[in-house]
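Structure first, then comments.
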Amino acid sequence: MYDFTDLVRSIHESLVASLSPGMAALVEWIIIGAIFLGFFALLGLVLVYVERKVCAFFQLRLGPMRVGFWGTAQTLADTLKLLLKEPIMNKRADKFLFNFAPFIIIISSLIVLSVTPFAPGLQAFDINIGLFFVIAISSIGVVGILLAGWASNNKYSLIGAMRSGAQIVSYELSVGLALMTMVVLTGSLQLSEIIASQADGWWIFKGHIPAFIAFVLFIVASTAEVNRGPFDLAEAESELTAGFHTEYSGMKFAFFFLAEFVNMFIVAVIAATVFLGGWMPFHIGGLDGFNQIMDFIPPILWFFGKVAFIIFLMMWFKWTFPRLRIDQLLTLEWKYLLPLNLMNIVLMAFVVYMGWYFGN
Amino acid sequence: MEKSALKELITSWAEGIEFDEEQEFLQVNIPREHLHEVAQKLKSTPETSFDYLFCQTGVDWPDCLEVVYHLESSQHGHIIVARAKTENRENTTLDTVCDIWPTAEFHEREIYDLLGVVFNNHPDLRRLLLTDEWEGHPLRKDYVDDINMINY
Amino acid sequence: MNSVIKYFSDIAHGVKTLWKGMMVTGYYISHARKEIITQQYPENRDTLQMFNRFRGEVIMPHNEDNEHRCTGCQACEIACPNGTIEIIWDRKPDPETGKKKKSIHTFVYHLQMCTMCALCIPACPTDAIIMGQDFEHAVTDRSKLTKILNKPGSKLMKGVEE
Amino acid sequence: MEVVDKDKTIPGDALKSQEYFVNMGPQHPSTHGVLRLVLTIDGEIVKRIEPHIGYIHRSIEKMCEKDSYRQIVHLTDRMDYLSCHINNVAVCLAVENALEIEVSDRVKVIRTIIDELTRLASHQLWWGVMGMDLGAITTFLYGFRDREMITDIFEETCGARLTMNYNKPGGLMFDIHPNFQKRTKEFVEHFKKKLPEYDQLLTGNVIFQERTKGIGVMSKEDAIAFGVTGPAGRASGFECDIRKKNPYHVYDKVEFNEVLLTEGDSFARYKARIQEMWESLSIIEQLIDNIPEGPIEEKTNAVIKLPKGEFYQRVETARGDFGVYVISDGKKSPYRLKFRSPGFSNLFILDKIARGSKIADLVAIMSTLDLVMPDIDR
């Protein structure tokens, strides 16, 4: 009913009909690129506003209230301010790497965004190794953080960058394993197929205990991977002032800031897709009437609803918990998350082998 | 320990120890030659065991500088005020007590900084509050500062 | 085996304490409307009520005839620890008796030096100065902080000196 | 077989870690003011800490030498601004003792209540900041919410929220506001409900406990030798509560426990303060309903002159043993006035207890010592 496949196909066909195949492809690239860049910027603005409001309500405050209705234009004004700011740089900094680092981070998060399945037929890049692609690209971001910390010529930045390196290298494992647990169930790495396999119920319900454990592990590990919440050691403002972006100002700082929020969105997208059925409405196998009612809600709303839920969960963590120390962070990964993940993947394989999950 | 018993005990330790007239706390004047020795005994003798130096003050008198040690025993709960004077206002050396009470290290740095009492054997006698280039010792009565208007 | 049990009970305990903390913040976000404590300051200026005793600045009340109660005795100037108050006085002949009498010319109040300790208020024998409740002292120029408390043309209230 | 020399297989200098200096402060989020710590760091491990102070040294002791005794009181507000009332009272008590003035019971009880409110306000702020230092920013706002009620009480009665200067030698500036008792009772009721929330949010939290337990352990001997007092000293088992040792006001008439713990780590210091808040609440509850009638000030001369001699007054601020040492030569200003500030002694144990810990631990230790820089610099 709310399928975008026909719309996308008709645009494609009209372009092919009026232009040469090469030109048509080029135009399509430009359109998709422009859409994603716009979406990226919009996402940053909205998420920053949401974070500030949610944080304020947790803290018995009102948050931004002055610019626009209930402060809705606040982030826009802030962006304007950041754009107008003079970019200052440490005199002894490595100029090329210093300027290059924000782009690595922002490009890596943009690339991952390209596989996001927003709604049926609304996915820019549906490759058959989707999940693998996400895990691979998202670890490029840490290179940017390391470069930024090193090129700043600031000891605080360097400590922050090194922490971030150690953190991401270890938490990558848990993220991968938690997703791998689900791949045992889905049988595919392609995001569209993973969603399609959840038509009769989301995996978190169908896969019950092991899937739920994997979900919790994934949320914890991915929060750490995007340097947020109780795991924001790389920027730990009470210890390292601002960590790896201490020396950045103006738009380059905004890039780091934006990338953090977009990464959070990406993590939420992956969690929503793999565990909560992506854009797939809430279906219960066998109850056709109920399923049809659920189908009336557009998939894109389902998608953004689930993503918002997970983002809210991550904000809830961030504004409740104290920060971990670096050795505790690694202890958590290597002593708790990783063994639990390994146990869980065995459990899941057993469950799948015995056929003890719903909807088989 | 009672004040009189303390008096007797401390008098026997070194020569030249004097006691001031009755105040809230027992006041003992220690000659600077015996300062370190008596301080050591004040801390280590089991009957006195003054192990908590809670206040160390430098005072600028017209003829000398004086350092006042407020001592308390965490075990017995009695308090004594020990005082030691420098020779005069130019030759201002005293022995350090920071090997006996570690907290004295920073109190002595502050006193050196503000009053100019030089403590022998202090491990790290530098200015604490003021910058290293500062001239003079502001808490002395004859210190003149034209910019900041504290005058009498 | 014990260590395995401990391992899992540690995890369960940790998750439980974390959940407890999340319930506290969760309560506040779900009751945000009731619990919010901040005020919107410049917007609520009209309804903002300071406490009577709040010490914002020193003021000298004048009555409707433009009369104040300050005799120029300088007690407040002496009581002030920071040199905030400066009284310039002169001797003018009293119109009734003809005798020369001390009266204030200007009562200078350096707000930039005032610590709001209110030592000048009880020092005043004639209750000429009180603490005002105005706290919005931000100005663009430091010289604006030096205020003259007696209004131009004001004179001493009758009956104060008896 | 070739003997492998272990030292030669590893290219020595290439793998050796190098120590480096980091300036923590004077402008740093967790030094709470202008404290500069020169850290020698090896990786994340702190090898040596050298505090540099004096950035807000205002020479209050020198200023006191020209001020009258009434004027000195308001300067003490600006030292440990979080326990300003207790500092005020210390000077007033010193002067009253020297002049042998006995204030009325009403003044004593009011001073005790406001002392305890000040202590609560200070500990609430500390609790908020402690959470913030460890990364839980929300606690800061929760601490301030409850502190705000106390500052409102202060504002209504004393006229200012922070530097209130409510005392003068001989009594109080003015009587308590008619609403004082009602508001204080409201606050006690409110805070009794909110204090368990502090425990749920931070004390019980597994991350918080991991961050503080066994960190920065201070032995009782160290605490005594370095003169660490207040909750920090009592967490190591050092009985240093002046309210018990040399009772002033009506502390000998109210019932409360001296909080004594033995662990001496950051968590013990944290717990000591939380328990002290309960004790303060109980002291306020015992006194708030029976404030006796009586004059609010005793008559003093227009110019207060202390007799010749020396006077030492100790009080217990939120940070520990605060002392006022007055040497008088019979004039209207003291000859020498020394403030024994608890923070000064508490700061310098940092090097001893934080050596070998990580940077994040140093932040936790520093916030459990509860340093207020104006108090240290004076």
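See the values below:
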item: Any pair with Cβ under 6 angstrom, 6 or more apart, that starts in segment A:317-336 at a residue that is under 19 Å from A:S170 (Cβ atoms) and more than 7 Å from every other protein chain (Cβ to nearest Cβ) and ends at one that is in a helix (DSSP H, G or I) and open to solvent by 40 Å² or more (accessible area, probe 1.4 Å); result: none
item: Set D:N257, D:N246: member being more than 15 Å from D:L350 (Cα to Cα) and away from chain B (no Cβ under 13 Å); result: D:N257
item: Residue within segment C:93-103 that is part of a strand (DSSP E or B) and modelled with pLDDT of 85 or more present; result: no
item: Hey, D:L371 in contact with a Pro (Cβ under 8 Å, 6 or more places away or on another chain), of a type in the set (A, V, I, L, M) and assigned to a loop (DSSP other than H, G, I, E, B) or not; result: no
item: Counted residues, segment D:193-231 - those being buried (at least 24 other Cβ atoms within 10 Å of the Cβ) and closer than 30 Å to B:D99 by Cα; result: 10
item: Positions within segment A:12-68 being surrounded by fewer than 13 Cβ atoms within 10 Å (Cβ to Cβ) and not in a helix (DSSP H, G or I), in sequence order; result: A:S20, A:R66
item: Subset of segment D:23-61 (residues that are surrounded by 19 or more Cβ atoms within 10 Å (Cβ to Cβ), among the aliphatic types (A, V, I, L, M) and closer than 25 Å to A:R163 by Cα); result: D:M24, D:L37, D:L39, D:I41, D:V46, D:I49
item: Whichever residue in segment A:331-346 is surrounded by fewer than 17 Cβ atoms within 10 Å (Cβ to Cβ) and of a type outside the set (K, R) and, among such residues, is farthest from C:V24 (Cα to Cα); result: A:V346
item: Residue match in segment C:16-31 (condition: open to solvent by 40 Å² or more (accessible area, probe 1.4 Å), assigned to a loop (DSSP other than H, G, I, E, B) and closer than 30 Å to D:N205 by Cβ); result: yes
item: Selection within segment A:218-229 - open to solvent by 10 Å² or more (accessible area, probe 1.4 Å) and within 11 Å of another protein chain (Cβ to nearest Cβ); result: A:V220
item: Of the criteria (1) more than 14 Å from chain D (Cβ to nearest Cβ); (2) within 30 Å of A:G165 (Cα to Cα); (3) surrounded by fewer than 20 Cβ atoms within 10 Å (Cβ to Cβ); (4) of a type outside the set (V, I, T), which one A:M264 fails; result: (3)
item: Residues (farther than 18 Å from B:H76 by Cβ and either acidic (D, E) or in a strand (DSSP E or B) (or both)) located in segment B:28-50; result: B:N29, B:E33, B:E37
item: Candidate set: segment D:24-64, residues that are at the interface with another protein chain (Cβ under 8 Å from one of its Cβ atoms) and among the acidic types (D, E); chosen: the one nearest to D:T163 (Cα to Cα); result: D:E61
item: Number of positions in segment C:18-37 that are facing chain A (nearest Cβ under 7 Å) and in contact with an Asp or Glu (Cβ under 6 Å, 6 or more places away or on another chain); result: 1
item: Near pairs, Cβ below 6 angstrom, 6+ apart or cross-chain, from segment A:63-85 (at positive phi and in contact (Cβ under 8 Å) with a residue 24 or more places away in the chain) to any residue that is open to solvent by 40 Å² or more (accessible area, probe 1.4 Å) and assigned to a loop (DSSP other than H, G, I, E, B); result: none
item: Residues that are facing another protein chain (nearest Cβ under 8 Å), open to solvent by less than 10 Å² (accessible area, probe 1.4 Å) and among the hydrophobic types (A, V, I, L, M, F, W, C), drawn from segment D:125-165; result: D:L134, D:A136, D:C158
item: Within segment B:61-137, strands (runs of 3 or more DSSP E) holding 2 or more residues that are more than 17 Å from B:K43 (Cβ to Cβ) and either touching a Pro at 6+ places or on another chain (Cβ under 8 Å) or open to solvent by 20 Å² or more (accessible area, probe 1.4 Å) (or both); result: B:118-120
item: Some residue of segment C:54-62 being under 18 Å from the mean Cα position of the chain (by Cα), part of a loop (DSSP other than H, G, I, E, B) and away from every other protein chain (no Cβ under 14 Å); result: yes
item: Residue satisfying all of: in segment D:353-365; open to solvent by less than 10 Å² (accessible area, probe 1.4 Å) and within 15 Å of D:F226 (Cβ to Cβ); modelled with the highest pLDDT among these; result: D:I365
item: Which numbered condition B:T93 fails, given (1) within 11 Å of another protein chain (Cβ to nearest Cβ); (2) in contact with an Asp or Glu (Cβ under 8 Å, 6 or more places away or on another chain); (3) of a type in the set (S, T, Y); result: (1)
item: Subset of segment D:306-349 [more than 11 Å from chain B (Cβ to nearest Cβ) and under 19 Å from the mean Cα position of the chain (by Cα)]; result: D:V315, D:E316, D:T317, D:A318, D:R319, D:G343
item: D:R234 being more than 9 Å from every other protein chain (Cβ to nearest Cβ) and buried (at least 24 other Cβ atoms within 10 Å of the Cβ); result: yes
item: Residue that is most open to solvent (accessible area, probe 1.4 Å), among those in segment D:319-351 that are within 15 Å of D:D67 (Cα to Cα) and without any contact (Cβ under 8 Å) to a residue 40 or more places away in the chain; result: D:K331
item: Search result, residues across segment D:204-227 that are touching a Ser or Thr at 6+ places or on another chain (Cβ under 6 Å) and more than 8 Å from every other protein chain (Cβ to nearest Cβ); result: D:T212, D:I215, D:G216, D:M218, D:K220, D:A223
item: Condition check for A:F303: open to solvent by less than 20 Å² (accessible area, probe 1.4 Å), part of a helix (DSSP H, G or I), in contact with a strand residue (DSSP E or B) (Cβ under 9 Å, 6 or more places away or on another chain) and under 21 Å from A:L131 (Cβ atoms); result: yes
item: So D:V95, is it over 23 Å from D:E276 (Cβ atoms) and more than 9 Å from every other protein chain (Cβ to nearest Cβ); result: yes
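Condition check ((1) out of contact with any Gly (no Cβ under 8 Å at 6 or more places or on another chain); (2) part of a loop (DSSP other than H, G, I, E, B); (3) at pLDDT 85 or above) across all residues:
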{"residue": "D:F311", "(1), (2), (3)": "yes, no, yes"}
{"residue": "D:R319", "(1), (2), (3)": "no, yes, yes"}
{"residue": "D:G323", "(1), (2), (3)": "yes, no, yes"}
{"residue": "D:V326", "(1), (2), (3)": "yes, no, yes"}
{"residue": "D:G330", "(1), (2), (3)": "yes, yes, no"}
{"residue": "D:L337", "(1), (2), (3)": "yes, no, yes"}
{"residue": "D:N346", "(1), (2), (3)": "no, no, yes"}
{"residue": "D:D351", "(1), (2), (3)": "yes, no, yes"}
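The values are calculated or read from the model by the stated rules, or taken from the named source; none is laboratory data. Just so it is clear, the model here is predicted, and its values are computed rather than measured. Cβ sites come from the backbone with ideal geometry, for glycine too, and all protein chains shown count toward neighbours. Just so you know, the surface numbers come from the protein's heavy atoms only, side chains and all, with ligands and any DNA or RNA stripped out. Shrake-Rupley method; radii C 1.70, N 1.55, O 1.52, S 1.80 Å.
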